[in-house]
Every structure is written in C-alpha cells, then in structure tokens.
Amino acid sequence: MKNKERRPGAKPFPGAKPKANGDAGRPRPPKGGDFAGKPNRPSTGPASGPAAGKPERSSSRPVRRSPAEDGKVASPADTAPEPARALTARTGDRPSERVPLILESSGAGDFHLIDSGDGVKLEQYGPYRIVRPEAQALWPKALPSHVWDKADAVFTGDTDEDGMGRWRFQREALGETWPLSLLGIDFHGRFTAFRHVGVFPEQIAHWSWMKEKIEAADRPLKVLNLFGYTGVASLVAAAAGAEVTHVDASKKAIGWARENQSLSRLDKAPIRWICEDAMKFILREERRGHRYDIILTDPPKFGRGPNGEVWQLFDHLPLMLDVCRELLAPKAVGLVLTAYSIRASFYSIHELMRETTRGKGGLVESGELVIREAGLDGKTPGRALSTSLFSRWVPK
C-alpha cells in the first residue's frame, strides 16, 4: 500500500478560513467533509486508523461504528458527511519551551537493540533476534558478522518504510505469533509484510512517562490514544489505572489489540475500542464536549481516505492538533505528538505545538526519540539510533 502520489480527482481535506476565538466556548462548526488515510508506517487503516506504518495499515476503508461505550469494538451507523472545522485563531502568550529534548530508551521488557550499522539493525524481541532495514544507521556494525548471521529472521524487500516485503527465516520457519512483554504488558509479536512486529519500541519513553503520570494522579485519568495500532500503549495506560479510548481505522489492528488485552489479563479494564477514522472521531468528540487528560497521537505522513480524500501531514496536521487541544480537560496532563519518518526538523512540529497551545500556559518540549544499543546482553550501552521526532505539551 504505497500511496506516494496524488491521484487525479482526489478530494482535498476540507478547509476553512481561521476564526477568531479563544480557549472558551467554540461555536458548532459548519457542515463539510471528512478524510482518512494512514499510509506511512505500513498502514492498517486511514488517517484515522493506526498510525500509518504499522503493519497492514492498508490504505483506507470506511468503517462503520456505534458508540461502543461498553468497551466493545464500534461498528458504524452514521455515514453523513462530517462538519468542516476551521482552525482557531489563537491568542495569548505561547507556552515556555524546552528544546532539544532527547528521550532515550535502551529497551524494556523483552525488547532491546543489539547492534546497528550499514543500513540495518539487529534487535531482540523476546526469544527471537531479527534484522530489519534502518536507513539512519550510517555507521559500521559494531558486532562481528557471525553474530548477525545467527539472527532468527531477516526482513527483505522494499526498503521504504511503507514498502512491502517478506521475512526470511535463517534456520527454521517460525510461528505466526510469539509472546512479548513490555512495561508489564503481555502481547503478541507477529511478522508482518511491512517489516513491523506489533510494537514500536521507540514509544517506550512516552509510555513510561504516561504510566508515571497516571499512577501519580489522585484520580482516574482519561486517555485518548489516536492511531492506536495493536493497543500496547492503551494497555499500559489501563493497567496503570486510566480510562482509555483507543482509536484505529483497522479492524485487523483492533482485533489484534483485543487479543493483547486478553493476554494481559485486562479484559475488565475500562477501554473503549473504536474502529474509525481518527479525525472524524475527534471532531465528533469536540462537538459532544468530551475531554481527556492525556492525548497520544502518531499520525502518518501521507494517506488517502475512503472517498478519495487526501491526508498530507504538513497540510492537515495543524487542524488535527487544533482539535486535540480542544479535547484537553481543564486539568490535562499532556498532549503528545509523534512524527515518524518525515523529512523535517523537530522545530517544525515544536513551533506548531506552541502556536496551537497559545494562551494555555504550560511547557512545550520537543526533540527526538532515540534507542540506545545495548549489546548482546542488553546491558552494554552503544550508539544511539534516532527513530522519531516528537513534541509534547505539559502543564507546568
């Protein structure tokens, strides 16, 4: 599902002129259209589904939903066009800033980065060692070739992040799934055609931060996880005591997430699994006046919606972030944006976050997520591999 070129006749995302309005009461937006599309990390769905780039996040298929307030997967009902939503002309001082902030992980639970170099990386995922392409590993490998040759699985094929390929098993064919654990959450690893295995370990830094905030709170926090993929972040939040709303456009990813919920013995945890386009969902949440204490969002670089609408990160991210700001509760703990596989400086999303949160106070901290090599034993620090850009608003 490589959606790299704009097709003739594709509908643009509905826009509108900015409206002057503060943080206070927002009028109901006028009628308009909708969008979807989540390609860049192999996609499991539209820009509203799992972050592109996550296994099988295929282009965009419309998915119907119902409220699913009982925690079951939503299955649609309304097909009416979503109202168009204009950007808000923000006023007030911009939040203070902290840049650059490098959030580093050396691994957690069953994952660590063993070595990297020459355009590939060697990782440990539970009992398996796997080799995957990594364009940012410009340096030579640190470990000898015989170590790399003993990998259990090697991904071969298209080196683009959203490209398909296949796994080559060095000694014997491996099962479709295998057990993994991170931050106390049990889940299934799975070899997918998009090189991914069911978890994006660079997010460990954000998940650890979120877990600490939830556990330290004097009340149950409400967490919104957009482009939630296989649900590891949602399960980390729920296990820590939060009420979670997980949104992903892929039925397959939602099914995988529900499997992970059972594996983690969290079947009774307060999680709403919503199978829908993320933008359509948050627009409706805004109109309903629903609010969240923590919002995680990891949108794709490019995507295409079910009716030909086009999602372009640089064109449409401002609106998505603007709506997310409106969904923050009065005593919100944080809004986290991750931008994966884009050619830009973290300053681009940093300044966008500061403009979006004008008048809200607090602090915007932005930079990169990196994973530190940990050697064969998982305890020997090596080089840092950059994985994603991020920006995070937090109250002071």
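Derivation of every value follows stated rules applied to the coordinates shown; laboratory data play no part. This is a predicted model, so every value here is computed, not measured. As a convention, Cβ positions derive from the backbone with ideal geometry for all residues, glycine included, and neighbour counts pool all protein chains shown.
Using the Cβ-Cβ distance between K331 and T156 with R0 = 35 Å, the FRET efficiency computed as 1/(1 + (r/R0)^6) comes to roughly 0.10. The protection proxy used here, the mean number of other Cβ atoms lying within 10 Å of each residue, ranks peptides 345-352, 199-206 as follows, highest first: 199-206, 345-352. Shape analysis of region 183-272 based on the Cα gyration tensor places the equivalent ellipsoid semi-axes at 21, 14, 12 Å, largest first. Each Lys or Arg adds one and each Asp or Glu takes one away; over the other residues whose Cβ falls under 10 Å from the Cβ of A142, this sums to 0.
Near Y292, the amide H atoms lying under 5 Å from its own belong to L328, A329; only residues 5 or more places off or on other chains count, and H is placed 1.01 Å from N. Full extension of the chain between L363 and V147 gives 73.3 nm of extra length, using 0.36 nm per residue less the Cα-Cα distance.
When the pairs K301/K360; K150/K379; K211/K268 are compared against a 25 Å limit on Cα-Cα distance, K301/K360 fall above it. With a Förster radius of 41 Å applied to the C-beta separation of V99 and S181, the computed FRET efficiency comes to 0.75. Label-to-label distance for A217 and A135 is 3.7 nm, based on points extended 7 Å past Cα in the beta-carbon direction. Among 372-383, 229-240, sorting by the average number of other beta carbon atoms lying within 10 angstrom of each residue, highest first, gives 229-240, 372-383. Derived from the Cα gyration tensor, the three semi-axes of the equivalent ellipsoid of region 109-174 are 17, 16, 12 Å, largest first. Its Cα gyration tensor gives region 78-235 an equivalent ellipsoid. The semi-axes, each the square root of 5 times an eigenvalue, are 34, 20, 19 Å from largest down. Evaluating kT/(6 pi eta Rh) at 4 °C and 1.567 mPa s, with the Kirkwood radius of region 350-396 over Cα pairs in the Stokes-Einstein relation, gives 102 µm² s⁻¹. The alpha carbon centroids of region 327-355 and region 98-133 are separated by 24 Å.
Each residue of region 123-135 was assigned a 3J(HN,Hα) from its phi angle through the Karplus expression (A = 6.51, B = -1.76, C = 1.60, θ = phi - 60°), giving 10, 9, 10, x, x, 10, 9, 10, 10, 9, x, 8, 4 Hz with x at Gly and Pro.
Amide H contacts under 5 Å for T230: none, restricted to partners 5 or more places along the chain or on a different chain, H placed in the peptide plane at 1.01 Å from N.
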